[in-house]
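Accompanying notes for the structure given below.
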Amino acid sequence: MSSLTPLIGRRQVLAGGAAAFLGLAVASPARAAHVLPFGRYGSPRHRLNDRTLYVDAGGRGDHTTVQAAVDATPDAPAEGWTLVIAAGTYRETVLVPQPKTGLCFLGATGDARDVEIVYDNAAGTPKPEGGTYGTSGSATTTIQADGFTAAHVTFANDWLRADHPDITGTQAVAAKVMGDRSYFERCRFLGHQDTLYADTRALASFARQYYRQCHIEGDVDFVFGRATAVFERCELTTLARDVTFRPYGFVFAPSTAAANPRGYLAVRCVINGPAADASFGLARPWRPSSDPTALPSLVVRETWMGSSIDAATPYVDMTSGYHWQDARFGEFHNVGPGAAIPVPENRPQLTPEQATEHTPGSYLGDWRPGPALLPRPSGR
């Protein structure tokens, strides 16, 4: 998607008030060293089961990189494998290919701030073999497999426009998620433009994704793609930008396939950040060149919107040939200054009857993601 202009300054993370609204505890950062690097999840000498691998950059696990651990798991296993990841910064790109079904990334400390998978490619970054990475290729972590889960892990792309004024392809994806039944609990997604690419493997596949109590931040279209994705009790943070135009950017840019009845659903979330008042749009409809028939779908309900959202003009067109009014956008019972309705025709509201069709259960169908993600010890 198109860039807006260079950003100046480093990423800022919102905390405190939004976390209180969500009912989340704000945990203190982990100590510099852990007596037990894998916490309550065992160790290479005392595995919870034979489908658990341990990752530690300091060499106390089975592998020192996340990718090496992914590669060590079998393809199409009868039961899923778990990677317990010790506190640390893992500067690498990670690919979970389609055959690695049922894989779980589990942050050992229980605090996503302690376990970060990060890299710094952008769409316009030159590749060693020639050409550039493109938006999809910029992703720090790419998940193609079905049944992927993650808890207490940060997925980040720390590429900054200000550091690369010569690069015009400024999309820089932290995570591209493509598989069905993808579940993220208390994870963080950090970036600027195109942070979280909630997508599918193919136009005809309607991949379901569930993000529970996650923190997602960025500026331009920082949640985008064509997946059927539910964001429940998540914190979506609009980052400040040193630019002279408005809007600075947009939270959502869905590209839902026309045949898919459900796109993005945000329910009981917090949308706010350090950006200036009325400087962000809530969404714009994306019709990618690969699917000019896309019919973007987004419903935001029972969500608190802060002052950074432009209440008068929350939606705008992404292209001149397709208007936001033609997309499937709707809201229901939102609150906060960014949810005010000064111009009713610019804020399509669902009726109570319509709202019954837009719930996590109706979007996820027969899949009921559960909490925990704790490997089951052998013999139990």
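The values are calculated or read from the model by the stated rules, or taken from the named source; none is laboratory data. All values reported here derive from a predicted model rather than from experimental measurement. Methodologically, a virtual Cβ is constructed for each residue, glycine included, from the backbone with ideal geometry; neighbour enumeration extends over all protein chains shown.
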task: May I ask you to list the residues in segment 66-92 that are surrounded by fewer than 19 Cβ atoms within 10 Å (Cβ to Cβ) and either in a loop (DSSP other than H, G, I, E, B) or aromatic (Phe, Trp, Tyr) (or both)?
output: Pro74, Asp75, Ala76, Pro77, Ala78, Glu79, Gly80, Glu92
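Kindly establish whether Pro97 is over 20 Å from the mean Cα position of the chain (by Cα) and not polar (S, T, N, Q).
Numbers: over 20 Å from the mean Cα position of the chain (by Cα): no; not polar (S, T, N, Q): yes.
In short, no.
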task: Output the number of the condition that Phe206 fails; it satisfies all remaining conditions of (1) touching a helix residue (DSSP H, G or I) at 6+ places or on another chain (Cβ under 8 Å); (2) at pLDDT below 95.
output: (1)
message: For segment 160-175, check the following and say yes or no: at least one residue is surrounded by fewer than 24 Cβ atoms within 10 Å (Cβ to Cβ) and over 15 Å from Gly124 (Cα atoms).
response: no
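Might you let me know whether segment 146-156 holds any residue that is on the phi > 0 side of the Ramachandran plot, surrounded by fewer than 18 Cβ atoms within 10 Å (Cβ to Cβ), in contact with a Gly (Cβ under 7 Å, 6 or more places away or on another chain) and modelled with pLDDT of 95 or more? Please lay out each step first, then the result.
Looking only at segment 146-156, we keep the residues that are on the phi > 0 side of the Ramachandran plot, and these are 147, 152.
Now narrow it down to the ones that are surrounded by fewer than 18 Cβ atoms within 10 Å (Cβ to Cβ): 147.
Checking which are in contact with a Gly (Cβ under 7 Å, 6 or more places away or on another chain) leaves us with 147.
From what is left, the residues that are modelled with pLDDT of 95 or more are 147.
Looking for residues that are on the phi > 0 side of the Ramachandran plot, surrounded by fewer than 18 Cβ atoms within 10 Å (Cβ to Cβ), in contact with a Gly (Cβ under 7 Å, 6 or more places away or on another chain) and modelled with pLDDT of 95 or more, one finds at least one in segment 146-156, hence yes.
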task: Please enumerate the residues belonging to segment 64-112 that are touching a Gly at 6+ places or on another chain (Cβ under 7 Å) and of a type in the set (Lys, Arg).
output: none
field: The lone exception for Asp180 - which of (1) of a type in the set (Asp, Glu); (2) buried (at least 24 other Cβ atoms within 10 Å of the Cβ); (3) more than 18 Å from Asp219 (Cα to Cα) it fails
entry: (2)
Top-ranked residue of segment 44-56 - restricted to ones that are surrounded by fewer than 19 Cβ atoms within 10 Å (Cβ to Cβ) and touching a Gly at 6+ places or on another chain (Cβ under 9 Å), ranked as farthest from Thr109 (Cα to Cα): Asn49
- prompt: Could you say whether any residue in segment 313-330 is buried (at least 19 other Cβ atoms within 10 Å of the Cβ), of a type in the set (Ser, Thr, Tyr), farther than 19 Å from Thr228 by Cβ and at pLDDT 95 or above?
  reply: yes
message: Give all pairs with beta carbons closer than 6 Å in which a residue from segment 325-336 that is of a type in the set (Val, Ile, Thr) meets a residue that is part of a strand (DSSP E or B); count only pairs at least 6 apart in sequence or on separate chains.
response: Val335/Trp304
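Within segment 242-282, restricting attention to residues that are charged (D, E, K, R) and within 15 Å of Ser307 (Cα to Cα), which residue is modelled with the lowest pLDDT?
First, the residues of segment 242-282 that are charged (D, E, K, R): 242, 246, 262, 268, 277.
From the residues that got through so far, the ones that are within 15 Å of Ser307 (Cα to Cα) too are 246, 277.
Details: Arg246: 91, Asp277: 97.
Selected residue: Arg246.
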statement: In segment 115-135, residues that are under 29 Å from Ala87 (Cβ atoms), buried (at least 21 other Cβ atoms within 10 Å of the Cβ) and of a type in the set (A, V, I, L, M) total 3
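What strands (runs of 3 or more DSSP E), lying completely within segment 138-179, carry at least 3 residues that are farther than 14 Å from Asp199 by Cβ and under 15 Å from the mean Cα position of the chain (by Cα)?
Details: elements: 141-143, 149-151, 154-157, 175-177.
Counting at least 3 such residues, we get 149-151, 154-157.
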- line: Subset of segment 37-91, residues over 22 Å from the mean Cα position of the chain (by Cα) and polar (S, T, N, Q), comes to Ser43, Asn49, Thr52, Thr64, Thr73
